[in-house]
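The values are calculated or read from the model by the stated rules, or taken from the named source; none is laboratory data. Please read these numbers as outputs of a predicted model, since none were measured by experiment. Glycine gets a Cβ as well: all are built from the backbone with ideal geometry, and neighbour counts include every protein chain shown.
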Amino acid sequence: MSMQTTMPAKPRAALGIAATILLAFTLIASGFVTVGPGQRGVLMTWGAVQAGVLEPGLHLKIPFAQSVVKMDVQVQNSQDAETAASLDLQDVTTTVATNWHILPADAEWVYQHIGNESALVAKIIKPAISNSVKAVTAHYNAEDLITHRDQVRAQIEAQITEELKPYRLVVDSVNITDFHFSTQFAQAIEQKQVAQQRAQQAQYELQKAKVLADQRIVEAHAQAEAQKLLQQTITPEIIQQQAVAKWDGHLPEVLGSTGVTPMLGNLGIGKADR
């Protein structure tokens with residue numbers, strides 16, 4: 001006697017209902033897509049890009065037939081180090097940080113003609129930075145790249161901006177984060193800076209010595225003028241008055257033939273009446 005195991009009718013019906021609900025939920029869920037802040041959606045129908053972009057928010061789409069590629073339109077950063085020859089044929093490695101973003105309204109065009117962000121960086125951004133750095137570096141001597149850093153940065157930014165414009169990309173800012181030179185050239189620059197500092201110190205010492213010499217000349221002239229003026233204003237009467245003012249009341253004495261005699265000198269004290 002053969003035995004056959006069969007599922008009861010009610011559990012089978014319940015399982016079928018659950019599968020139907022799950023399928024319906026999947027179909028409904030796949031009919032919606034959310035585009036987040038800082039993104040734009042590119043709608044594709046059976047793999048073909050549709051015109052226009054989807055703004056941030058909730059959108060409907062046909063399940064299985066349509067899909068949405070989300071493009072980041074926020075500011076992104078690409079940093080690259082490019083080695084190029086300067087005007088004086090020195091190898092200079094310039095590290096450049098570029099901030100850029102996709103024009104939101106052109107996200108669909110960018111995806112259709114270039115691809116997603118990874119393809120965009122590899123195909124467009126990096127080559128544009130490389131070409132711009134090499135083109136600008138070739139117009140400067142290696143040492144001038146340092147002394148004219150801001151001017152070099154502005155020219156690199158202008159060239160990158162021009163190269164990215166046809167691809168609906170906007171350059172927000174470009175910064176030079178580093179210049180790297182060969183060891184020999186770096187040593188030569190350092191030696192030159194030391195020599196310049198020594199020359200500046202010597203010039204300072206020379207100027208200082210000149211100022212001191214000028215001060216001494218002025219002081220000597222002042223003293224000579226003061227002495228001349230003093231000689232012109234001092235009279236015998238003034239000298240006598242100064243001597244009297246300094247006299248302590250004691251008369252100097254000298255030894256003569258008649259004994260000790262007070263020496264009155266020019267004090268005018270004790271003169272005999274004639």
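Before moving on, here are some points about what is shown:
- Considering the conditions (1) in contact (Cβ under 8 Å) with a residue 60 or more places away in the chain; (2) under 30 Å from Leu58 (Cα atoms), Ala97 is excluded by exactly one of them, (2).
- Tally of residues being at pLDDT 95 or above and touching a helix residue (DSSP H, G or I) at 6+ places or on another chain (Cβ under 6 Å) across the range 136-161: 6
- If only residues of the range 61-80 that are among the aliphatic types (A, V, I, L, M) and touching a residue at least 24 places away in the same chain (Cβ under 8 Å) are counted, the one that is farthest from Val152 (Cα to Cα) is Ile62.
- The condition (being modelled with pLDDT under 70 and on the phi < 0 side of the Ramachandran plot) is satisfied by just one residue among Ile17, Ile62, Ile28: Ile28.
- Counting only residues that are modelled with pLDDT of 90 or more and either in contact with a Leu (Cβ under 8 Å, 6 or more places away or on another chain) or loosely packed, with under 11 Cβ neighbours inside 10 Å (or both), the range 39-48 holds 6 of them.
- Exactly one residue out of Asp172, Asp150 is in the same structural domain as Glu82 (by TED's automatic domain parsing) and without any contact (Cβ under 8 Å) to a residue 24 or more places away in the chain, and it is Asp150.
- Cβ separations smaller than 7 Å between residues 6+ apart or across chains give the following pairs from the range 40-52 residues that are within 8 Å of Ser67 (Cα to Cα) to residues that are assigned to a strand (DSSP E or B) and of a type outside the set (S, T, N, Q): Leu43/Leu54; Leu43/Val68; Met44/Val69.
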